[in-house]
Amino acid sequence: MCGNNMSVPLLAEAMTVSGEEKETAAVIFLHGLGDSGHGWADTMSAIKLSHVKVICPHAPHIPVTLNMKATMPAWFDLMGLGPSSPEDEHGIKKAADDIKAIIEHEAKNGIPPHRIMLGGFSQGGALSLYTALTCQHQVAGVVALSCWLPLHKTFPSASSGNKNIPILQCHGESDPMIPMQFGAMTAEKLKTIVNPQMITFKTYPGLLHASCPQEMAAVKEFIEKYLPRI
């Protein structure tokens, strides 16, 4: 493979699950606050297709206001988890630029942006949504699990104008961290930014701030639909 991973900081340490055949598509999946790419690399490798490469980067360690300024893996600082909480605008935009750099790197190495899907859980899902909606390229789709749209008040004007991005949004109905109502509000906001027919919002009874087999089956179906073998 050509290209230099060292020129893209997040790729140097990222967990990468290679395809079993020629890689013609990729999924970039972002973990949640305080986590790493390891667990999601295992989860995604269990449902991925043989022509799809999975990249699970690790977030940098930064102080997080929400957790008494403790230093932990985080894509950007969090001041609160409510729709009106103040937000780390600079950090969100920098994190999105870091993910866009991975997209550009993969494009230079033969996987075009329209064959790259973004996804993530919680804060990682939030970043995947923001990155896809502000990216100059139209990506293949977004898997947004138990999350929200950062800087939601800046949309739709902040959008790069790609109206036909498929979005699969999933949320646990008993999520105590990011209530399902927040996810539902996010889904409604997304309908003002992209074609409403491109948005699927699935909820899971009894599910807390976590994933479940039924949710991952929906993710697999979504990947199969929007990253078919070519």
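The values are calculated or read from the model by the stated rules, or taken from the named source; none is laboratory data. On a predicted model such as this, the values are computed, not experimentally measured, just so you know. In this analysis, Cβ positions are derived from the backbone assuming ideal geometry, glycine residues included, and neighbour counts consider all displayed protein chains. Ligands, DNA and RNA are stripped out before the accessible areas are found, and what is left, the full protein with its side chains, is counted by its heavy atoms. Shrake-Rupley method; radii C 1.70, N 1.55, O 1.52, S 1.80 Å.
The label-point distance for MET177 and LEU208, in a model that sets each label 7 Å from Cα toward Cβ, rounds to 1.1 nm. Computing FRET efficiency as 1/(1 + (r/R0)^6) for THR192 and SER7, where r is the C-beta to C-beta distance and R0 is 25 Å, gives about 0.10.
In deg cm²/dmol, rounded to 500, what helix-only [θ] at 222 nm does the chain give when every DSSP H run of at least 4 residues adds -39500 (n - 2.57) and the total is split over its residues?
-10000 deg cm²/dmol
Considered as an equivalent ellipsoid built on the Cα gyration tensor, the stretch 24-81 has semi-axes of 28, 9, 8 Å, the largest given first. Computed from the Cα positions only, the extents of the chain along the three principal axes stand at 44, 36, 34 Å, in decreasing order. Accessible area of PHE121 (1.4 Å probe, protein heavy atoms only, ligands and nucleic acids ignored): about 30 Å².
Which distance in nm do the two modelled labels at MET185 and THR71 give, with both placed 7 Å along the Cα-to-Cβ direction? In this crude label model, MET185 to THR71 measures out at 3.3 nm. With a point put 7 Å past each Cα toward its Cβ, work out how far ALA217 is from ALA158 in nm, to one decimal. Going from the ALA217 label point to the ALA158 one covers 3.6 nm. Karplus-derived 3J(HN,Hα) values for the stretch 34-44, using 6.51 cos²θ - 1.76 cosθ + 1.60 with θ = phi - 60°, are x, 9, 9, x, 4, x, 6, 4, 5, 4, 6 Hz; glycine and proline are entered as x.
For the stretch 91-170, taking the reciprocal of the average inverse distance between every pair of different Cα atoms yields a Kirkwood hydrodynamic radius of 12.4 Å.
State the percent of C-alpha pairs, over all pairs in the stretch 1-108, separated by a distance greater than 16 angstrom. Let's see the in-between values first.
Numbers: 3578 of 5778 pairs.
The answer is 62 percent, as a whole percent.
Residue ranking by accessible heavy-atom surface, 1.4 Å probe, largest first, among HIS31, HIS137 comes out as HIS137, HIS31.
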